[in-house]
Amino acid sequence: MRGEKFYEMLDMLDDNLVLESAEVKRKTWRRRLAILGIVVGLIVLFWFCSLIPVLFPSEGVGDTEGIIQDGAYYVYAGSGFAMTETRVPQGIVRYVPGQGKELLVSAEEHPMDVLFPSWGVNSHGLYYLDMGTNQLRRQDLATGEETVLYTAPDTVEGQQMPESELSGLIGSLLNGEEPVMDYGVALFMDQVAEDTVSFTYRASDGMTSYAITVDSRTGEVLSQRQKTDADYDTTVVSIGTREVQEVRMEYPEGFTYPGWEQDVEMNDFYWTDVQENGQSILPPDTMGSVYAIPGGLVVGYRQQGRFDEDGYDLHYPTDYILLTETENLPVPKEAPVEEIWCVYQAYFDGWLYYQSDKQVTTENGVTLNQHTFEAVNLATGERVPLLERSANASLVSDGTWFYFQGNNHTDCYRLERDDTGRPLALVLVEENI
């Protein structure tokens, strides 16, 4: 086609169509540039927010739960997750009401895995697992002297030897089996008692684990055994010499509810019994769970086969029992659980302390959620409101000092009582310690 003919055909085109096509292209590019600008802006915002803890480090300990020992509060300050904690890792801190806080173990010098239990304390020592050296270390609380109690070996009896990346890849291609990878040796804290420290050694194959107990002063290995599946199938909690466990129980044959097939696939098609010495402590035809609080164990339970109007299983407990070292005490209800939701958090001298979440109606007819911290006497049923708290605040207490964690900070309160031991009020000692 000659050039003159080509231009004649172009002239025959409708100018409006050409202009509309160009406008569509311009709008498309404007949208693409706007989306690109938003993405870049979000990346810059995320980067800036991640720098805030570094540029403006917080002096607070955050909202991680700590441990009270002899009137002092020990806590790992700063998780290192900038977007949630807005602070850089500091380490293990000791706080004494009225005296301030001091850093005992630096996270920079002794990195710890804050995703898992990694430290504990008793009356004479602070114990922590150094992730860099895979050591259990002890710091004497009186002198500050550091001692290495245990160093994890590179290999342990019974473990599978990890393969190299190349040999593992070749083996998996030939036989279809998953290769044994090298996950590295790791230690996890289980319990710090007065005379012993218990922890878990995980071998580098990621599957072989040992439960180890050492002397809390000398580090002498007192016991060591390989863990089995039974160690992970039940939850065991204790108060004094009493040990209580949650036991998985199978539903009767033919029992179903909406969504049960998905629960079977997720291995969640079961109910839990709460047992002590192999015997259930729940009322007949009920199911429940147990958790530990300062001063006792809380058992929540409900009737089996409790469903809503659509046939879905209602999992939340309707009644509670408090277990002390010597007694099983029923917890009085102020109202049905559908009206007032209670989270029980500590028990001292006959009084159970809890968060209450209830709906109240104002004079204008507006319904609001009211969150309070209260105490109830388990013998008389008397209730004493102590504090207005935000929902979901966790608590660490020894009966005198109350530390509330939430919203990225920890507040310290002192409990005032009358001559009979009845709680009167919580007095703020320091906010955001």
Legend entry - Selection count where residues are open to solvent by less than 60 Å² (accessible area, probe 1.4 Å) and in contact (Cβ under 8 Å) with a residue 60 or more places away in the chain, scope the stretch 234-258: 5
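Table: residues versus (1) under 31 Å from the mean Cα position of the chain (by Cα); (2) part of a loop (DSSP other than H, G, I, E, B); (3) modelled with pLDDT of 90 or more.
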| position | (1), (2), (3) |
| --- | --- |
| THR133 | yes, yes, yes |
| ARG138 | yes, no, yes |
| VAL156 | yes, yes, no |
| SER167 | no, no, no |
| GLY171 | no, no, no |
| LEU174 | no, no, no |
| ASP182 | yes, yes, no |
Inset, instruction - Scan the strands (runs of 3 or more DSSP E) fully inside the stretch 259-342 and keep the ones with 2 or more residues being open to solvent by less than 50 Å² (accessible area, probe 1.4 Å). - result: 271-276, 286-293, 296-303, 319-323
Legend entry - PRO385, sole failed condition from (1) of a type outside the set (S, T, N, Q); (2) open to solvent by 70 Å² or more (accessible area, probe 1.4 Å); (3) more than 28 Å from ASN328 (Cβ to Cβ); (4) in a strand (DSSP E or B): (3)
Inset, instruction - With the condition kept exactly as written, say whether any residue in the stretch 326-345 is in contact with a Gly (Cβ under 9 Å, 6 or more places away or on another chain) and at positive phi. - result: no
Inset, instruction - Would you check if GLY37 is part of a loop (DSSP other than H, G, I, E, B) and at pLDDT 70 or above? - result: no
Inset, instruction - Looking at (1) at pLDDT 85 or above; (2) under 23 Å from GLY144 (Cα atoms), find the lone condition where PHE116 falls short. - result: (2)
Legend entry - Residue under evaluation THR147, criteria (1) in a loop (DSSP other than H, G, I, E, B); (2) at pLDDT 95 or above; (3) open to solvent by 40 Å² or more (accessible area, probe 1.4 Å), criterion not met: (1)
Legend entry - Members of the stretch 196-233 found to be surrounded by fewer than 15 Cβ atoms within 10 Å (Cβ to Cβ), assigned to a strand (DSSP E or B) and in contact with a Leu (Cβ under 8 Å, 6 or more places away or on another chain), listed by number: ASP215
Legend entry - Selection within the stretch 134-148 - within 12 Å of GLY120 (Cβ to Cβ) and polar (S, T, N, Q): GLN139
Inset, instruction - Scan (1) at pLDDT 85 or above; (2) surrounded by fewer than 17 Cβ atoms within 10 Å (Cβ to Cβ) for the single condition ILE68 breaks and write down its number. - result: (2)
Legend entry - Matching residues, the stretch 346-371, being within 20 Å of ARG414 (Cβ to Cβ), open to solvent by 20 Å² or more (accessible area, probe 1.4 Å) and either basic (Lys, Arg) or without any contact (Cβ under 8 Å) to a residue 60 or more places away in the chain (or both): TYR347, PHE348
Inset, instruction - Taking only the stretch 397-426 into account, find how many residues are at pLDDT 95 or above, more than 26 Å from GLN359 (Cα to Cα) and either β-branched (Val, Ile, Thr) or in contact with a Cys (Cβ under 7 Å, 6 or more places away or on another chain) (or both). - result: 2
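Residues are listed down the side, and each one gets a yes or a no for (1) within 22 Å of the chain's Cα centre (by Cα); (2) closer than 17 Å to GLU157 by Cβ:
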site: ALA193; (1), (2): yes, no
site: THR196; (1), (2): no, no
site: PHE199; (1), (2): yes, no
site: ALA203; (1), (2): no, yes
site: GLY219; (1), (2): no, no
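The values are calculated or read from the model by the stated rules, or taken from the named source; none is laboratory data. Fair warning: this is a prediction, and the values are worked out from it, not measured in the lab. Note that we place each Cβ from the backbone using ideal geometry, even for glycine, and neighbour counts take in every protein chain shown. For accessibility, only protein heavy atoms count, side chains too; no ligands or nucleic acids. Shrake-Rupley method; radii C 1.70, N 1.55, O 1.52, S 1.80 Å.
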